[in-house]
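One structure is given here, and the rest of the page talks about it.
The values are calculated or read from the model by the stated rules, or taken from the named source; none is laboratory data. On a predicted model such as this, the values are computed, not experimentally measured, just so you know. Here Cβ is always computed from backbone atoms with ideal geometry, including for glycine, and neighbour counts include all displayed protein chains.
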Amino acid sequence: MLIFAIETSCDDTAAAVVKNGNTLVSSVISSQIEIHKKFSGVVPELASRAHIDNINPVVGAALKKAGITFGEFPKKISAIAYTRGPGLAGSLLVGQVAAQTLSAVTGVPAVDIDHVEGHMYACLLEYHELRPPYLALTVSGGHTELTIVDDFGRYRYLGGTRDDAAGEAFDKVAKLLGLPYPGGPWIDKLARRGNSGKVRFTRPLMKGTWDFSFSGIKTAVVNEVRKNKSLLVRDVCASFQEAVVETIVIKTMDAAREFGLSKIVVGGGVAANSRLRRQLADTALRDKRKVYLPPEWLCTDNAAMIACVGYHKLKKLKKIIDPFCNIEPGLVLKNWGAR
Ligand code: KG4
Ligand code: ZN
């Protein structure tokens, strides 16, 4: 079964074809970093304009790579999955209109997907045998969430960030240190040569909840940099990264223990962080749990992960509930079948 997917929730225009929910046939991602980096963040209006320019070439390139024409859609493609939310309204609209137009023209059903769900399923493309139940850790530019995936489409949300998402904190601290956007990969790179014990930032464990809060560490970095002018950028990067990583690892492992989950599945841009990957893998090994980490290209936004969710949703629900539903920028993760 082939699923065609479109993802445009933020600043990447992406399209992909995936077979049976886990085998990549084609994937094309057009990044807008060059447009947004001079503003040190994503400018929503510029993002939606760029999606308009990119959507047709990206869709065309993904189909060409897969060797599929529009005329072959009814015969070869089972569903057109697209991101309904959460994300930027103008960006989401471009993907929704493209997917639903393609659906209306070809007769292939459109299926709406939650972007965070995409990150929670991305590992299935790498580990074909992976199945729920598992603990999903989503760490991206917009989200830091712990969710139990009891089954495909059945979730128990444990907690999330109360202020900055992990990636947002990385990007803001990088900006403060004069590093380019997006700052996460730069902090990761510089931290490798830095001393993570140079400054001991508090670990915000938010005891008694599964929530996160990273804005305090960010403010502590600002104060420390102002106070101590001789601090090396690489030491600040390493100390900040260590505080964020340790907090995420402690809370994730605590949740896995508390709910008796042996599998931890990580997703989102910050899952590409080398220190987080190492610490999660080492801690899980000591704890006799297995951690699943996507390859770098599947950590950040892509359409293959959306296709993957689309496959399981179609298989489980049998029919599409509302093929022409609207985008939802503030979408909250729901069990399949619930509206
Ligand atoms: O998942 P993603 O592409 O977009 C959202 O859904 O938000 O994540 C982008 C975020 C950015 O904040 C970026 O700085 C961060 O992921 N990121 C990293 C690394 N690579 C990307 N953060 C820390 N270390 C990295 N290596
Ligand atoms: Zn994302």
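For segment 189-196, the count of residues that are buried (at least 21 other Cβ atoms within 10 Å of the Cβ) and either of a type in the set (A, V, I, L, M) or within 16 Å of ligand 2 (Cβ to nearest atom) (or both) is nonzero.
Please state which one of Gly184, Gly159 is within 19 Å of Phe212 (Cβ to Cβ) and surrounded by fewer than 24 Cβ atoms within 10 Å (Cβ to Cβ). So the residue among Gly184, Gly159 that is within 19 Å of Phe212 (Cβ to Cβ) and surrounded by fewer than 24 Cβ atoms within 10 Å (Cβ to Cβ) is Gly159. Of all the listed residues (Leu231, Leu280), the sole one being away from ligand 2 (no atom under 16 Å from the Cβ), of a type in the set (A, V, I, L, M), within 24 Å of the chain's Cα centre (by Cα) and assigned by TED's automatic domain parsing to the domain that holds Gly159 is Leu280.
Here's the yes/no breakdown for (1) surrounded by 24 or more Cβ atoms within 10 Å (Cβ to Cβ); (2) closer than 30 Å to Ala243 by Cβ; (3) free of Cβ contacts under 8 Å to residues at least 40 places away in the same chain:
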position: Ala271; (1), (2), (3): yes, yes, no
position: Arg277; (1), (2), (3): no, yes, yes
position: Leu298; (1), (2), (3): yes, yes, no
position: Ile320; (1), (2), (3): no, no, no
position: Phe324; (1), (2), (3): no, no, no
position: Pro329; (1), (2), (3): no, no, no
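For beta carbons closer than 8 Å, sequence separation of 6+ or different chains, a first residue in segment 250-263 that is assigned by TED's automatic domain parsing to the domain that holds Thr209 and a second that is among the hydroxyl-bearing types (Ser, Thr, Tyr), the qualifying pairs are Met253/Thr283; Ala256/Ser262; Leu261/Tyr134; Lys263/Tyr134; Lys263/Tyr292.
For every residue, the table says whether it meets (1) within 11 Å of ligand 1 (Cβ to nearest atom); (2) out of contact with any Gly (no Cβ under 7 Å at 6 or more places or on another chain).
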{"residue": "Asp171", "(1), (2)": "yes, no"}
{"residue": "Leu179", "(1), (2)": "yes, yes"}
{"residue": "Gly183", "(1), (2)": "yes, yes"}
{"residue": "Arg203", "(1), (2)": "no, yes"}
{"residue": "Asp211", "(1), (2)": "no, no"}
{"residue": "Ser215", "(1), (2)": "no, yes"}
{"residue": "Lys218", "(1), (2)": "no, yes"}
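Only one of the numbered conditions (1) touching a helix residue (DSSP H, G or I) at 6+ places or on another chain (Cβ under 8 Å); (2) touching a residue at least 24 places away in the same chain (Cβ under 8 Å) is violated by Leu232, and that is (1).
Is at least one residue of segment 136-159 under 21 Å from Val59 (Cβ atoms), over 14 Å from the mean Cα position of the chain (by Cα) and of a type in the set (Phe, Trp, Tyr)? No, segment 136-159 has no match at all.
Is it the case, given these coordinates, that Leu158 is aliphatic (A, V, I, L, M), touching a residue at least 60 places away in the same chain (Cβ under 8 Å) and either touching a helix residue (DSSP H, G or I) at 6+ places or on another chain (Cβ under 7 Å) or within 13 Å of Phe240 (Cα to Cα) (or both)? For Leu158, the condition - aliphatic (A, V, I, L, M), touching a residue at least 60 places away in the same chain (Cβ under 8 Å) and either touching a helix residue (DSSP H, G or I) at 6+ places or on another chain (Cβ under 7 Å) or within 13 Å of Phe240 (Cα to Cα) (or both) - is met. Screening Gly71, Gly85, Gly67, Gly41 for residues that are more than 15 Å from Asp12 (Cβ to Cβ) and under 18 Å from the mean Cα position of the chain (by Cα) leaves exactly one candidate, Gly85. Does Ile33 satisfy the condition of being loosely packed, with under 15 Cβ neighbours inside 10 Å and either within 23 Å of Pro329 (Cβ to Cβ) or within 17 Å of the chain's Cα centre (by Cα) (or both)? For Ile33, the condition - loosely packed, with under 15 Cβ neighbours inside 10 Å and either within 23 Å of Pro329 (Cβ to Cβ) or within 17 Å of the chain's Cα centre (by Cα) (or both) - is met.
Of the residues making up segment 80-97, those that are in contact with a Phe, Trp or Tyr (Cβ under 9 Å, 6 or more places away or on another chain) and buried (at least 24 other Cβ atoms within 10 Å of the Cβ) are Ile80, Ala81, Leu92, Gly95.
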